[in-house]
Amino acid sequence: MRIGGCALWMVAVCAAVAQTGVPAATPTASIAGVVEDVTTGEPLADYVVSTTVQGKYLRATSDAQGHYRLADLPLGSYQLVVRAPRIVMPRATRTITLVGNPVEHLDFKLTPMGAISGRVVDDAKEPAPGVTVFLVAREYYAGGLGYFVKNVTKARARGEYEFEGVETGRPFLVLAEKQETALNAHSDAPADPKLRSRVLAPAFYPNSPDAEGGLPILLRPGERREAVDIVLKRSAAYCVAGTLEGMSGPAALRFWIEGQWAKLGASNGGGVYMELPSGQTLQDGKIRHCGLPPGTYRIVAERPRSQAGEDTPLFGVAEVTVTKQDLEKVRVIANVGQRLDGEVIWADREAKAPDGAKLDISLLPLRRMGALDEHTAMHSDVPGTFVFAGLVMDEYGVRASVTGPGLYVKDVTYGNASVQRLPVTPGSAPAGATLRVVVAADGATLTASVHDKDGVAVVGQRILLMPAQVASEAELAGLLISGETDQAGQFTSQALAPGKYYVAATGDTVYPTPESIGRLWRARNRFKEVDLGPNGTAQMSLEPVKLDL
């Protein structure tokens, strides 16, 4: 297995890294501090502290004494993110505003991370070397609740595996799956399933065929959980047969088959991608792949652009479910990338765009890395139009933001259905449907000041804003707004939709898990209420509250 160069991936992390680029005449300042263990006070080396400077990614790595320094930052507000070595999920964030003087003691005190280790064995208790092991989280993302891969490793010679740097205080599942090194498009397996060799079926720790039966692992700070042993049971093996097709019929295409036990790709806080085993059909497009235990699979067929550039890229996907018999006559149709037209309109037809109003919109592939010909980031005037080219019929997440006083994105629709917080699949709406971004100009602003009982400003507190119209925990997961206090204990929101909000300041971490969101939902009566009118401003004073999230 090879994990790609952006295998543990976030958009910012995969952006171009720039250490400078600020004109010499621009006033700048620096940020420095220490990353250390909150329990022992020991320095933490090789932690990455990053931010974005004028659209470019800037990072510093803590040294052996835990020190980091970010220099040559133009004056303004920044959000700093700290991550552990080789871990994509943020450990902490911090908001800071530079006004001229260097900031020398912006420290991060972090809870020690944990580790999970064990062995993968078969139902005869024999080691299962080479099995792929996934760390899986159950969380809300893109409008739904699902199981998402957070890390990947391989079982070694005696079936042993280990995950280092596991986040503590939230539950994880561990999944093991036997993967082939390459897929055979023309298997010679016997026609009768009873005559085929049995295969190892995927399992969640300790031995469940599905995630619901898996045993969650919740680590204490610094805990190293051992003997998390996974038993893979033998299963009958089945075949999937059919045809892979291109624009004019059967075609020679590359394909791979992905089990739907947990999702690879984008998730809340980042994403994990890996190169899956693949195969290649002949010109007739025929496929007969065997050795699959029962389950639901995603079959992907593609023709990437050749090095010479003469081949048109193709992409197609189909989902199939294997029960207790072979599947025949499966069709996967790979199409060329398509165009998706978009427009930006006012929620109020009488609204007038302020000078410099711009929309930034991007489509994030949710299940795979972006393809060569995909153009997934666009800009537009407000109002205005934009065009995405080379998109495939697969799931994307929509990210849209607008600049300008009082402006906010009220909704994003495709084919008259809202996709602002849901996946969008280009080509799934009626012909001629556009991606429509609705912008409102009556946004309100909230400023919160956070002090402790002695009146001392509290830095790095998380500000949570819960729209009062939220009616369920699942809806809360998509609509919750959060930010952080700066070095003066202040927080100022972006333009918000007018309405009633419940607001709280807390040092607790909010995870996108059902457990954390559920506790937040039940604690909403401890929030302060604020009513924001159109184009209004509001100020409020908060004391930190313990929400046990």
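The values are calculated or read from the model by the stated rules, or taken from the named source; none is laboratory data. Fair warning: this is a prediction, and the values are worked out from it, not measured in the lab. Cβ: placed from backbone, ideal geometry, glycine included. Neighbour counts: every protein chain shown. When the accessible area is computed, the model is the full protein with side chains, heavy atoms only, and any ligands, DNA or RNA have been set aside. Shrake-Rupley method; radii C 1.70, N 1.55, O 1.52, S 1.80 Å.
Below are the figures for this structure:
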{"read-out": "T93/R198 FRET efficiency (R0 45 Å; Cβ-Cβ; nearest 0.05)", "value": "0.40"}
{"read-out": "Overall dimensions of the range 373-431 by Cα: Rg and Dmax, Å", "value": "12.3, 36"}
{"read-out": "Descending Cα extents along the principal axes, the range 68-214, whole Å", "value": "76, 30, 27"}
{"read-out": "Long pairs among K500/K546; K500/K528; K263/K286, criterion Cα-Cα beyond 20 Å", "value": "K500/K546; K263/K286"}
{"read-out": "Average projection area in nm² (convex hull over Cα atoms of the range 254-413, one quarter of hull surface)", "value": "12.7 nm²"}
{"read-out": "Value of Rg to Rh for the range 501-549 (Rh from inverse mean 1/r over Cα pairs, i.e. Kirkwood)", "value": "1.03"}
{"read-out": "Efficiency of FRET between T403 and N525 - r from beta-carbon atoms, R0 30 angstrom, step 0.05", "value": "0.25"}
{"read-out": "Rounded percent of accessible protein surface that carbon and sulfur make up, the chain, 1.4 Å probe", "value": "49 percent"}
{"read-out": "Two-decimal ratio, the chain, of alpha-carbon radius of gyration to 2.2 N^0.38 Å", "value": "1.05"}
{"read-out": "Total lysine pairs whose alpha carbons fall under 28 Å of each other in the range 31-183 (8 or more apart, or interchain)", "value": "8"}
{"read-out": "Cα gyration tensor shape of the range 174-275, rounded if a/c is under 1.5, else prolate or oblate by comparing a/b with b/c", "value": "oblate"}
{"read-out": "Cα gyration tensor shape for the range 230-321, rounded if a/c is under 1.5, else prolate or oblate", "value": "oblate"}
{"read-out": "Length gained when the stretch T321-E212 is fully extended (0.36 nm per residue, less Cα-Cα span)", "value": "37.4 nm"}
{"read-out": "Average accessible area per residue (Å²) across the chain - probe 1.4 Å, nucleic acids and ligands excluded", "value": "47 Å²"}
{"read-out": "222 nm mean residue ellipticity, helices alone, for the chain (DSSP H n ≥ 4; -39,500 (n - 2.57); rounded to 500)", "value": "-1000 deg cm²/dmol"}
{"read-out": "Chain lengthening between D284 and S482 when straightened (0.36 nm per residue, less Cα-Cα)", "value": "66.0 nm"}
{"read-out": "Cα Rg, Dmax, the range 429-549, angstrom units", "value": "16.0, 62"}
